[in-house]
Amino acid sequence: MVSDRWPNLPDMTAEPVTTQQPEPSPEVPAELPATVRASLSPSRAADFKTCPLLYRFRSIDRLPERPTVEQARGTLVHAVLERLFDLPATGRTPDAAGDLVSPQWDRLVTEQPELSGLFADGDEQATAAFLRSAAGLLEGYFTVEDPRRLEPAERESLISAVVDGELLIRGYLDRLDVAPDGALRVVDYKTGGAPREAFEARALFQLKFYALVLWRTRGVVPRVLRLLYLKDAEVCDYAPDAEELVRFERTVVALWRAIEAATAAQDFRPRPSRLCDWCSHQALCPSYGGTPPPFPVRVATPDPLRDARTTPVPPGADE
């Protein structure tokens, strides 16, 4: 179903998109203004908006976080949907998607050995149940889209742009569709449940981030920002405009200034919310009686364009 949460939007669902393949976006543009000194991803920006202390834990302290089953399921489903479009259009069926689940999981575990620790050694039943749950989400995908009618222009691509002359913003697109008239549709897969206010705001922030990058690099405001909630087979569309993206750009720049100020003052305060229930660092949070570790001391100034605190989260990892 298509949500009426954001009404009066153009429907591009039934339009086959072109096979146009824009040149791949580099991780960092080949020529950056000399003034560029920092970069920011939507995930890290959203962390700071949600809780400045969470941003510090993840981006400055770089505390490890064990992957959860939910995150691993999201990464797996994203991987399958990316590979699904490698198949000929007529072969993009639910059965074909199901056949991709197990081999894609094997590939992910090989590339990310930490995923192997999600289930006890030899617990084949838990692993099988996990793979079935991923296949169930893929069934939800086929109820909201027909991939046989789509030829995405880009999948799981890293895009970037410079704003305010000194900030590089970048992130991964799940999918970019280009209609025959050149209109852009940004599609993001969500493997969680139907949108709730806190999560919906974060997801929309992420999509506006992508829309801003595309507008600044390609001169086109995306016609549709689309969230596909696979668990509940729900589609949420949003239509941005240039004026809104100008305001959003100011918000992103102001956010980075706030991050810089907090870093200089070594002052990242917790902001308790319902999202705390999912935080891996409650034991270190003052709101829960914990004490953060000493603020890291850098022996040398890191390259802000390569610093781990600004690396985008891999596709599906933040679902």
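Compactness of region 39-105 is given as radius of gyration and Dmax, 17.0, 48 Å, from Cα positions.
Set the Förster distance to 30 Å, then compute FRET efficiency between R269 and A120 from the Cβ-Cβ distance, nearest 0.05. Walk me through the numbers on the way to the answer.
Details: r = 38 Å, r/R0 = 1.28.
With a Förster radius of 30 Å, E is 0.20.
Between region 143-219 and region 236-268, the alpha-carbon centres lie 17 Å apart. Bridges between two residues of region 38-251, per DSSP, are antiparallel at a rate of about 65%.
On full extension of the chain, what length is gained from T217 through A254, given 0.36 nm per residue of separation minus the C-alpha to C-alpha distance? Could you put the intermediate results ahead of the total?
On the way: separation 37, 0.36 × 37 = 13.32 nm, distance 2.06 nm.
Contour length minus Cα-Cα distance gives 11.3 nm.
Quick one: length gained pulling T35 to E65 fully straight, 0.36 nm per residue minus the C-alpha distance? Length gained between T35 and E65: 7.5 nm. Across region 38-251, C-alpha contacts under 8 Å between residues 6 or more apart give a mean separation that, scaled by the residue count, equals a relative contact order of 20 percent.
Here F142 and D181 are evaluated by their C-beta separation; at R0 = 30 Å the FRET efficiency comes out at 0.65. What the Kirkwood sum gives for region 38-251 is a hydrodynamic radius of 18.6 Å, with every pair of different alpha carbons counted.
Taken together, the values in this text are just the output of simple stated rules run on the coordinates, not laboratory data. All figures in this text were calculated on a predicted structure; none of them were measured in a lab. So basically every Cβ, Gly included, is an ideal-geometry build from the backbone, and we count neighbours across all protein chains shown.
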